[in-house]
C-alpha cells in the first residue's frame, strides 16, 4: 500500500461567476509522478496554483504529510516543501541567474543586513554544475539567456531544496526535446528520492509514458483517478471530453499537387548569430513546416518573415513586389503571426479578450471617421471567440484570467478574424488540449483549401508530418534539408536531419 503524501480535500475556487474548481478531492502518493489532465479550463492550473500559493484557496484543504497547509505565496509554499515550474516564463528580468534561483530565499546569504553576492553566486554555480547546466553562468543577467535556458534555471530554482512536491505545469510544451529530456531526468530523480511530482500535460502519450497515476478533471469537477498502466490514450480522451473524440485528426490526403504560384519569397535572410542565409518560396494554398531543435533558429524564421527581427538582412517579398521589413507592413499586406512566447509577444495580458481579438482588425472595423462602435466590436469578438471555443465569462474578461490553452485560442481567434492570406504559426498547439488541437488542425486544413498559405513552426514532429505539404529542417541556424509530404515519412526521417 502506497503512503499518501498529499491529500486534496473538497477543494473549491471561483473567479466571479466562473466555478474553476468544484469540490475536488484526490490523493498524491510518495514517490510517484501523478499526472493531472483535462481540457483547457478544466481547473488543473487553478488547483496547483492554490497549492503553490499563487492563488488563495477558495475553500477546502491541502494536507501535506498529515499537516494542513495554507500557503499565501510561493515562498511560503517552498517553506512547506512545495514548488512549481510554470508553463510560461517563471524568472524575473533584470536579476542575475543566481538571484532568480534564490528569489525569496536570499536570507541565507545575508549577514548583518549585507547580502554576500559572492557566496550566492558560488552556491548557484555549484547547483548549475550539479544539474549539468554549467554553460549557464550564475552571475549573468537572466535576460542574456533564451526561453529554453531560462526554463532550465527554473528547474534548479524549483528543485534544489529537495521539495516534497514539485508541480510541473505544462512545462514540457515550452521545451525542445533536449530540454524535455533534462526535465524528465529530474522528475525521475524526484520520484526515486521518495518525493512526488504533479505533472500537467496535454500530450497524452507523454502522460502515459512518464506518470504512474493520472487524475482527470472536467469543467472543474473531479472525474477519476487511474493507474497509467491500466488505460489507453483513447480511455483518457473519453474521460477528459466525456465522449468519444471522433473524426479526422491530421490531414488524410496525400499526393495533392501544390500550386506553382509563389505568394512569398524569402531570399538570403540572415539574423546575425541566429540564422544564416535562409531562402525558400511559399506557394498559394501550401502548408510549409519548419522543424528542428530549439536552438536551430526555426523560431527566428517566423519573426524574420513578419518583420519582427530588427537586425535582419536579406529580403522577404510578396508576389506583387512588396518588401516586408516591419510589422505594420506585414499586417497591412495580410500576413499574420503567432509567437511561441505567447504571454510576452502574442497577447496583451491586461486587456480584454475582445480587445485582443479585435486588435489587428481595427481598420476594417472602423468607419470613415475612424470610429468603431462598441456593438460592432463586441459582435466581431464574440463571433471568433465562439468559433475557437474560448472558455470565458464573456469577451470583457481579461486575457490574464484565462488558462494557457484559452489564451492560445484568443491568439488564433484574432488572426482568423483578420482573415489573413499568409499565416505564420509558431508552436500553434502549445498547451492546447486534444479536442481543440483537432479543431485547430481542421481549421488549418480548411484555410489551406481556401487558398491561404500557412507556415507552421513546431517542435512537435508528428504534427509537422501529419499537416504539412513540405517540411524544412533547420540545424545550427541554417536549412539542413527538406522533406515532401509522404505516407512513409516518420519522426526518424526528421530527427536524422535535425541532430
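The values are calculated or read from the model by the stated rules, or taken from the named source; none is laboratory data. All values derive from a computational prediction rather than experimental measurement. When we count neighbours, we look across all protein chains shown, and the Cβ atoms used for this are built from the backbone with ideal geometry, even at glycine.
Name the one entry in 58, 90, 43, 38 that is surrounded by fewer than 18 Cβ atoms within 10 Å (Cβ to Cβ), modelled with pLDDT under 95 and farther than 17 Å from residue 195 by Cβ.
On the way: 90 fails: surrounded by fewer than 18 Cβ atoms within 10 Å (Cβ to Cβ); 43 fails: surrounded by fewer than 18 Cβ atoms within 10 Å (Cβ to Cβ); 38 fails: surrounded by fewer than 18 Cβ atoms within 10 Å (Cβ to Cβ).
Result: 58 is the single residue among 58, 90, 43, 38 that is surrounded by fewer than 18 Cβ atoms within 10 Å (Cβ to Cβ), modelled with pLDDT under 95 and farther than 17 Å from residue 195 by Cβ.
Scoring residue 106 on the criteria (1) farther than 24 Å from residue 147 by Cβ; (2) exposed (fewer than 13 other Cβ atoms within 10 Å of the Cβ) leaves a single failure, condition (2). Given the structure, is residue 301 crowded, with 23+ Cβ neighbours inside 10 Å and either assigned by TED's automatic domain parsing to the domain that holds residue 476 or free of Cβ contacts under 8 Å to residues at least 40 places away in the same chain (or both)? In short, yes. Here the condition is being in contact with a helix residue (DSSP H, G or I) (Cβ under 6 Å, 6 or more places away or on another chain), farther than 25 Å from residue 240 by Cα, at pLDDT below 90 and assigned by TED's automatic domain parsing to the domain that holds residue 322; of 432, 416, it holds for 416 alone.
Scanning region 363-382 for residues that are under 25 Å from residue 327 (Cβ atoms) and under 27 Å from the mean Cα position of the chain (by Cα) turns up 380, 381. Of the residues making up region 467-492, just one is free of Cβ contacts under 8 Å to residues at least 12 places away in the same chain and more than 12 Å from residue 254 (Cα to Cα), namely 492.
This table checks each residue for (1) touching a strand residue (DSSP E or B) at 6+ places or on another chain (Cβ under 9 Å); (2) part of a helix (DSSP H, G or I); (3) within 30 Å of residue 430 (Cβ to Cβ).
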{"site": "11", "(1), (2), (3)": "yes, no, yes"}
{"site": "20", "(1), (2), (3)": "yes, no, yes"}
{"site": "25", "(1), (2), (3)": "yes, no, no"}
{"site": "36", "(1), (2), (3)": "yes, no, yes"}
{"site": "68", "(1), (2), (3)": "yes, no, no"}
{"site": "72", "(1), (2), (3)": "no, no, no"}
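Within region 340-352, take every residue that is in contact (Cβ under 8 Å) with a residue 60 or more places away in the chain and surrounded by 14 or more Cβ atoms within 10 Å (Cβ to Cβ) and give me the one that is nearest to residue 459 (Cα to Cα).
My answer is 340.
For residue 266, are the conditions met, namely being outside the structural domain of residue 320 (by TED's automatic domain parsing), in contact with a helix residue (DSSP H, G or I) (Cβ under 9 Å, 6 or more places away or on another chain), modelled with pLDDT of 90 or more and part of a strand (DSSP E or B)? When the stated conditions are applied, residue 266 does not pass them. Consider residue 99 carefully, then state whether it is buried (at least 16 other Cβ atoms within 10 Å of the Cβ), more than 22 Å from the chain's Cα centre (by Cα), without any contact (Cβ under 8 Å) to a residue 60 or more places away in the chain and in the same structural domain as residue 189 (by TED's automatic domain parsing). Against the criterion (buried (at least 16 other Cβ atoms within 10 Å of the Cβ), more than 22 Å from the chain's Cα centre (by Cα), without any contact (Cβ under 8 Å) to a residue 60 or more places away in the chain and in the same structural domain as residue 189 (by TED's automatic domain parsing)), residue 99 qualifies.
Residue-by-condition table, conditions (1) assigned to a helix (DSSP H, G or I); (2) crowded, with 22+ Cβ neighbours inside 10 Å; (3) modelled with pLDDT of 90 or more:
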position	(1), (2), (3)
377	yes, no, no
385	yes, yes, yes
393	no, no, no
405	yes, yes, no
408	yes, yes, no
412	yes, yes, no
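Per the listing 88, 126, 148, 154, the residue uniquely in a helix (DSSP H, G or I), in contact (Cβ under 8 Å) with a residue 40 or more places away in the chain, out of contact with any strand residue (DSSP E or B) (no Cβ under 9 Å at 6 or more places or on another chain) and not assigned by TED's automatic domain parsing to the domain that holds residue 429 is 148. Kindly establish whether residue 310 is within 23 Å of residue 463 (Cβ to Cβ), more than 24 Å from the chain's Cα centre (by Cα) and surrounded by fewer than 17 Cβ atoms within 10 Å (Cβ to Cβ). Considered against the rule, which asks whether it is within 23 Å of residue 463 (Cβ to Cβ), more than 24 Å from the chain's Cα centre (by Cα) and surrounded by fewer than 17 Cβ atoms within 10 Å (Cβ to Cβ), residue 310 comes out as no. Among 395, 329, 317, which is the only one that is in the same structural domain as residue 440 (by TED's automatic domain parsing) and in contact with a helix residue (DSSP H, G or I) (Cβ under 8 Å, 6 or more places away or on another chain)? From the options 395, 329, 317, the qualifying one is 395. Total residues in region 232-245 satisfying the condition of being part of a loop (DSSP other than H, G, I, E, B) and either touching a residue at least 60 places away in the same chain (Cβ under 8 Å) or crowded, with 22+ Cβ neighbours inside 10 Å (or both): the figure is 1.
Does region 273-285 hold any residues that are part of a loop (DSSP other than H, G, I, E, B) and either under 26 Å from residue 177 (Cβ atoms) or outside the structural domain of residue 473 (by TED's automatic domain parsing) (or both), and which are they?
Correct list: 273, 274.
For region 320-339, the set of residues classified as part of a strand (DSSP E or B) and either without any contact (Cβ under 8 Å) to a residue 60 or more places away in the chain or surrounded by fewer than 13 Cβ atoms within 10 Å (Cβ to Cβ) (or both) consists of 323 only.
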